[in-house]
């Protein structure tokens, strides 16, 4: 077979504020790949099916001299992130043609992978859509499940506040909190998202753009757990509303990702209220929880006890758009790039 | 015996910035007390010997409408705080004349106490100076010992950074960290304090007023534990210098007590470095550690394995001065008001 175009979503420039499609990320079709002939060198050839777009990716769009927990993207190279693909050819002993794989994939249509530490075989006995494995069963779901288990110390009857509650992480957390018998307050940035949060069980759901967060938390009598996806003013409101002994799970601070961070003015409450504030990188929790996650969560998804929703962009050329939407919060649910059918 | 003057240190006005002797706190000698005749109503009459002046007291000098973990001081009434006294008369079944008591005492020369939840008998088999019981064996020592045990997760060979390391809390923490086999970096605000921190074992001790904290922490290669007594820029430097998985023990933020708090600009590191930030109110740790504290710490003090130092003000009329000194950091060590000899 003749070589085919291998479309790529490239990191083109470090953004100063929000990333811009066509400037921060460009779609490139100048490369081709010979699917039958490309050398595998003991690895396997993957056709990309689904790619995840996540808030943390903003932190990777930085000057490489700045250190952080995640690798910076390289200018002129494809982005990479969590994804699912199908194996077209393999020389790897553990991976066969037709297998599906999950892990860190380049944002390209086709790629040769060698490292099964980064990309591993995807088990799907319940025949769930493959996009599930970059959402509720992937890194976002793992983030919610593992950090909730590790840090929430949830007690029945307590009150949890979940920010960005309509996203893949927040919506899962709302449902975990309800399964644990908590009262749940949840915020997001549109009426549609508020509706979704109510559907999945939030007792109080509000649009933070039209309703004052501090007033809601005060009216509800304060909080015992804060799941923070946003930082900034929402975090300040949660610090003000925290009960003594409250737990703050710091998952993200997206309000500061595109403006060099937002100062927090009332951190003294960590002392005056004996707060526990735990940040985490989900991969550090894998050794403790990954097995439990894959045994407990798929049945919850199959039975509908954990619901999830996706906002799908069709085509690798839409990566820039999806990334901007996730940073601005204009995505409607878990952002998925559907790159190709099987 | 005729009534005697009962001197009192009164809270006179809510300070806007630093408290001022003669304005924020005034000494009053208008009241008298009949030591032989005053009615005890089942309680006991205490002659105050030693009173503690601590940083947290600034938080109590507020408008009573502002909520916090500690009671506000009442305008026109005596201050109160940790202290030691001797019992002159008693109608209480557990307390005898000549007993020494420790607990929350009014800042007055003589007082009738009824509540043994607030003031209890002081055991002193090693015959240590009574001021010890408001310092290394009192609330400051308990603060260091209990929070270090609860939150440090100290591992031999790790690096701890202790701010305000010459104070009663910080100096104890330095010594606990050394006993646990850690390398210790410590900061304080005078050359005399730097010298003391070196004497008690700090590997690196510096004057934050003349040496840049961030540069010291960078040069030392980062930190695993931060004991925070000060907040503000020091906390920001510690966030920048933290290793992945570092523990922050939030004991105080005195840099913000007299200026409505200092914003923290780089809290995002709590996520990017998987930090655990624990604030605490020491009384919440008493049920778990108080017995252990009183069995383990007095021998360490007697043997000299835990050293401590005091800055003594003589007389109840010096409370205002001592309080200002503690807030400005011009005290030289644990601030003690020596009210009277036995």
Worksheet item: In the range B:248-285, how many are at the interface with chain A (Cβ under 7 Å from one of its Cβ atoms), free of Cβ contacts under 8 Å to residues at least 60 places away in the same chain and not in a loop (DSSP other than H, G, I, E, B)?
Response: 9
Worksheet item: Would you call residue A:290 assigned to a helix (DSSP H, G or I), within 12 Å of chain B (Cβ to nearest Cβ) and under 30 Å from residue A:122 (Cα atoms)?
Response: no
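To keep it simple, each residue is scored yes or no on (1) buried (at least 19 other Cβ atoms within 10 Å of the Cβ); (2) free of Cβ contacts under 8 Å to residues at least 40 places away in the same chain.
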position: A:76; (1), (2): no, no
position: A:82; (1), (2): yes, no
position: A:87; (1), (2): yes, no
position: A:105; (1), (2): yes, no
position: A:113; (1), (2): yes, no
position: A:120; (1), (2): no, yes
position: A:128; (1), (2): no, no
Discussion item. I'm told residue B:328 meets every condition in (1) free of Cβ contacts under 8 Å to residues at least 60 places away in the same chain; (2) over 22 Å from residue A:228 (Cβ atoms) except one. Can you identify the failing condition by its number?
Written reply: (1)
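Residue by residue, here is whether (1) more than 26 Å from residue B:13 (Cα to Cα); (2) buried (at least 19 other Cβ atoms within 10 Å of the Cβ); (3) at pLDDT 95 or above; (4) touching a strand residue (DSSP E or B) at 6+ places or on another chain (Cβ under 7 Å) holds:
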{"residue": "B:295", "(1), (2), (3), (4)": "yes, no, no, no"}
{"residue": "B:305", "(1), (2), (3), (4)": "yes, no, no, no"}
{"residue": "B:315", "(1), (2), (3), (4)": "no, no, yes, no"}
{"residue": "B:320", "(1), (2), (3), (4)": "no, yes, yes, yes"}
{"residue": "B:323", "(1), (2), (3), (4)": "no, yes, yes, yes"}
{"residue": "B:335", "(1), (2), (3), (4)": "no, yes, yes, yes"}
{"residue": "B:339", "(1), (2), (3), (4)": "no, yes, yes, yes"}
{"residue": "B:342", "(1), (2), (3), (4)": "yes, no, no, yes"}
Worksheet item: Does residue A:136 satisfy the criteria of being within 21 Å of residue A:193 (Cβ to Cβ) and surrounded by fewer than 23 Cβ atoms within 10 Å (Cβ to Cβ)?
Response: no
Worksheet item: Of (1) out of contact with any helix residue (DSSP H, G or I) (no Cβ under 7 Å at 6 or more places or on another chain); (2) within 11 Å of another protein chain (Cβ to nearest Cβ); (3) within 21 Å of residue A:263 (Cα to Cα); (4) surrounded by fewer than 20 Cβ atoms within 10 Å (Cβ to Cβ), residue B:244 satisfies all except one. Which?
Response: (3)
Item to complete: Would you check if residue A:185 is surrounded by 16 or more Cβ atoms within 10 Å (Cβ to Cβ), touching a residue at least 12 places away in the same chain (Cβ under 8 Å) and within 11 Å of chain B (Cβ to nearest Cβ)?
Response: no
Discussion item. From the list A:47, A:23, A:77, exactly one residue is touching a strand residue (DSSP E or B) at 6+ places or on another chain (Cβ under 9 Å), at pLDDT 95 or above and farther than 30 Å from residue B:240 by Cα. Which is it?
Written reply: A:47
Item to complete: Being over 16 Å from residue B:224 (Cβ atoms), touching a helix residue (DSSP H, G or I) at 6+ places or on another chain (Cβ under 7 Å) and in a loop (DSSP other than H, G, I, E, B) is the filter here, so list the residues in the range B:139-183 that pass it.
Response: B:164, B:165, B:166
Worksheet item: From the set of residues in the range A:58-74 that are away from every other protein chain (no Cβ under 14 Å) and crowded, with 18+ Cβ neighbours inside 10 Å, which is nearest to residue A:321 (Cα to Cα)?
Response: A:61
Worksheet item: Regarding residue A:55, is this residue farther than 20 Å from residue A:338 by Cα and either more than 14 Å from chain B (Cβ to nearest Cβ) or surrounded by 17 or more Cβ atoms within 10 Å (Cβ to Cβ) (or both)?
Response: no
Practice prompt. Within the range B:201-222, identify whether any single residue is closer than 20 Å to residue B:245 by Cα, touching a strand residue (DSSP E or B) at 6+ places or on another chain (Cβ under 6 Å) and not in a helix (DSSP H, G or I), and answer yes or no.
Written response: yes
Response to the item:
residue B:149 meets each of (1) over 20 Å from residue B:254 (Cβ atoms); (2) surrounded by fewer than 22 Cβ atoms within 10 Å (Cβ to Cβ); (3) over 18 Å from the mean Cα position of the chain (by Cα) with one exception, condition (3)
Item to complete: Give the range B:19-44 a look and list any residue that's assigned to a strand (DSSP E or B) and surrounded by 22 or more Cβ atoms within 10 Å (Cβ to Cβ), or say none.
Response: B:25, B:44
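The values are calculated or read from the model by the stated rules, or taken from the named source; none is laboratory data. Quick caveat, the model's predicted, so the values are computed rather than measured. When we count neighbours, we look across all protein chains shown, and the Cβ atoms used for this are built from the backbone with ideal geometry, even at glycine.
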